[in-house]
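Here is the structure we will look at, set down as structure tokens.
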Amino acid sequence: MIVTRELRKTYPAKRTLFRRSGGTETRAVDGLSLSIPPGAVTGLLGLNGAGKTTTIKIIATLLHPTTGTITVDGLDVVRDARAVRRRINLIAGGERMVYARLTGRENLWYFGQLYDVPRATLRARIDELLELVGLPDAADTLVERYSRGMRQRLSIARGLINQPAYLLLDEPTLGLDAPIARDLRAVVARLAQEGVGVLLTSHYLAEVEELCGHVYVIDRGRLVAEGSPTALTAGTRLPHTVELTLAEAAPAVSVAVGALGAEVETGLDAEGRPTYVLRSPDDLAGELATAVVRAGGAIVRLEVNPPTLEDAILAMAAPAPVS
Amino acid sequence: MATAMPTLRRNWLVTMRAYQWTYFVGTLATGILTVGLAYLAYHSIGGGRAGGGFAAAAGTADYLGYVTVGAAASMFTVRMVLWVAKAQITEQREGTLESQVLAPARRLPYLVGVGLQSLTTTVVEVVVMLAFAVMIGVRLPAPDPVTLLAAFVAASVAVFGISVPLSAIMITAGEAHITQNTLFVAMGLLCGFTFPPAYLPDPLRWLGEALPVTSALRALRAATLDHAPLSAAAPDLLLCLALGLAYLIVGLRLLGPAERVAIQRGGSA
């Protein structure tokens, strides 16, 4: 289990050679306590600048916390950094993290050596990973000739070279084509089933909803909510939107719709048919359909749009102070 | 060595793909030019003789031999500093510093791997440069092999040692050119590559002694020009090793915090 307790990270005000820039220090992470269990995908969400990448870099031993503790299976990430590094790996989207003038296979071979992967198993693991990320045909091509997506796929293979017990994924599907991103999600889900603990940040919230059993939402370094994606969305009491189109106008229907107590917008569609848009914290689709039919209306279209995790995150993130 | 040899192999692959022959020509040309210009000055201006003052200051009247050994040491120093000191900032520029730091491999064997590449390259380059020197008429006396080997090892430790804190400075500052060129100018002035440090004022001479390259050069010249036995060169060898190891230890302690500064500068969100 990865456990962070009261994690804080403060960046000092920038200095030039001769003077301070005049800015103030930045608190990127502010008292964050998280648990990332093995065998599950945990999400870490927030708007840009929320502190997600800093948190991941601290857990990955790349940065030291200002205060607070982080342990990985009981190992302290500052004191036992080398032992922690054997148990984790980080895949960051949109960053190179691989050598452009080596081939894909040479990159994995080199990183395998850095992780002390036994030579007897390294060759087979490299082939397996190249297959996994769809690069077997480009294995012996220089990375500088790879497309951005291919580099990202190689970076994913690099992140799996040491068979980490915990995988930190910072926007892993950034820049990937949809089929490759889908394959990666399948790989992540499979790794979690096999017992790997995964911490995922992603701007693609559908990805988070699909993979994560538990999500932490942070804003300006502070934890603002946590729970399953469904619970988080329900907890915000954001409105469900129901769009209704009738075959023809019926005064009794308008009365029935109004009686539901929701916020209602009325109008006409392109073919001149009456439309209703209802917004309510509860899903009123069933009640609406029943009321319309009882009032003698003929439904042409009924579409329900529940609030998404993205809506919930935006609602939770307080507006940034104007300075 | 589990990290050193793969790093050596990686660097060779990258170097041969990126620079091919241009990688070797630059340093070699500098060495050949140094010896060639010294040869011209010695014969055209000095009339084929060094002044008595030179012999007193350098401990030898063999000006061309003195410069040839200095040029070889300079090639070796520049090559080692350029590669070892710039290893981490090159990783940073190529976007691989984080994946490098993320791995459990230690920094010392990684830098040793980079240093081994410099070493193998320099040996070839120095042989070519010495062949040129012999071709234009520089007479190189047979060295004392044991002293030469010891001096070579000590010089390698010294230059490697001084490169490690320099690497920390480079990634902390986020730049390489000012740092490396400042060191090159300081070493060129203080260490005695092409003229005896005895010509310098005392404060500069003492400053030069703080750089292990100065004592390494004395040991190398003792082995090659004076055919000195190991016992005669031992004080310089020990000083050179002690200074080199001191720089190395300081550098290794600085490297971790320097890497974190570099990674922090890379993104703070």
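Here is how the numbers come out for the structure above:
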{"read-out": "Flag for B:Leu189 being in contact with a Leu (Cβ under 8 Å, 6 or more places away or on another chain), open to solvent by 10 Å² or more (accessible area, probe 1.4 Å) and of a type in the set (A, V, I, L, M, F, W, C)", "value": "yes"}
{"read-out": "Residues (farther than 16 Å from A:Arg153 by Cα, open to solvent by less than 10 Å² (accessible area, probe 1.4 Å) and either free of Cβ contacts under 8 Å to residues at least 12 places away in the same chain or not in a helix (DSSP H, G or I) (or both)) located in the stretch A:78-120", "value": "A:Ile88, A:Tyr110, A:Leu114"}
{"read-out": "Any hit, the stretch A:2-19, residues being within 14 Å of chain B (Cβ to nearest Cβ) and either crowded, with 21+ Cβ neighbours inside 10 Å or at pLDDT 95 or above (or both)", "value": "yes"}
{"read-out": "Filtered residues of the stretch B:80-107 (kept if of a type in the set (Val, Ile, Thr), over 16 Å from A:Asn162 (Cα atoms) and within 14 Å of another protein chain (Cβ to nearest Cβ))", "value": "B:Thr90, B:Thr96"}
{"read-out": "Filter pass, B:Met5 being within 14 Å of another protein chain (Cβ to nearest Cβ), modelled with pLDDT under 80 and under 30 Å from A:Ile91 (Cβ atoms)", "value": "no"}
{"read-out": "Residue selected from the stretch B:235-269 under the condition within 14 Å of chain A (Cβ to nearest Cβ) and small (Gly, Ala, Ser), by the criterion surrounded by the most Cβ atoms within 10 Å (Cβ to Cβ)", "value": "B:Ala262"}
{"read-out": "B:Ala216 modelled with pLDDT of 90 or more and surrounded by 16 or more Cβ atoms within 10 Å (Cβ to Cβ)", "value": "yes"}
{"read-out": "Single condition A:Thr141 does not satisfy, out of (1) among the polar types (S, T, N, Q); (2) buried (at least 21 other Cβ atoms within 10 Å of the Cβ); (3) within 14 Å of another protein chain (Cβ to nearest Cβ)", "value": "(2)"}
{"read-out": "Residue tally, condition more than 22 Å from A:Ala192 (Cβ to Cβ) and either touching a residue at least 60 places away in the same chain (Cβ under 8 Å) or buried (at least 17 other Cβ atoms within 10 Å of the Cβ) (or both), over the stretch A:34-56", "value": "5"}
{"read-out": "Which listed residue, of B:Thr60, B:Thr77, B:Thr122, is more than 14 Å from chain A (Cβ to nearest Cβ) and surrounded by fewer than 21 Cβ atoms within 10 Å (Cβ to Cβ)", "value": "B:Thr60"}
{"read-out": "Elements of type strands (runs of 3 or more DSSP E) contained in the stretch A:207-297, each with 2 or more residues being of a type in the set (D, E, K, R) and within 30 Å of A:Ala178 (Cα to Cα)", "value": "none"}
{"read-out": "Of all residues in the stretch A:121-138 being part of a helix (DSSP H, G or I) and β-branched (Val, Ile, Thr), the one that is surrounded by the most Cβ atoms within 10 Å (Cβ to Cβ)", "value": "A:Ile126"}
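Every residue, every condition in (1) crowded, with 18+ Cβ neighbours inside 10 Å; (2) among the basic types (Lys, Arg); (3) farther than 21 Å from B:Leu148 by Cβ, yes or no:
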position: B:Thr3; (1), (2), (3): yes, no, yes
position: B:Thr7; (1), (2), (3): yes, no, yes
position: B:Asn11; (1), (2), (3): yes, no, yes
position: B:Thr30; (1), (2), (3): no, no, yes
position: B:Gly52; (1), (2), (3): no, no, yes
position: B:Ala73; (1), (2), (3): yes, no, no
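The values are calculated or read from the model by the stated rules, or taken from the named source; none is laboratory data. Just so it is clear, the model here is predicted, and its values are computed rather than measured. Counting neighbours? That spans all protein chains shown, and the Cβs are built from the backbone with ideal geometry, glycine included. Protein only, heavy atoms only, side chains kept; ligands, DNA and RNA dropped before computing areas. Shrake-Rupley method; radii C 1.70, N 1.55, O 1.52, S 1.80 Å.
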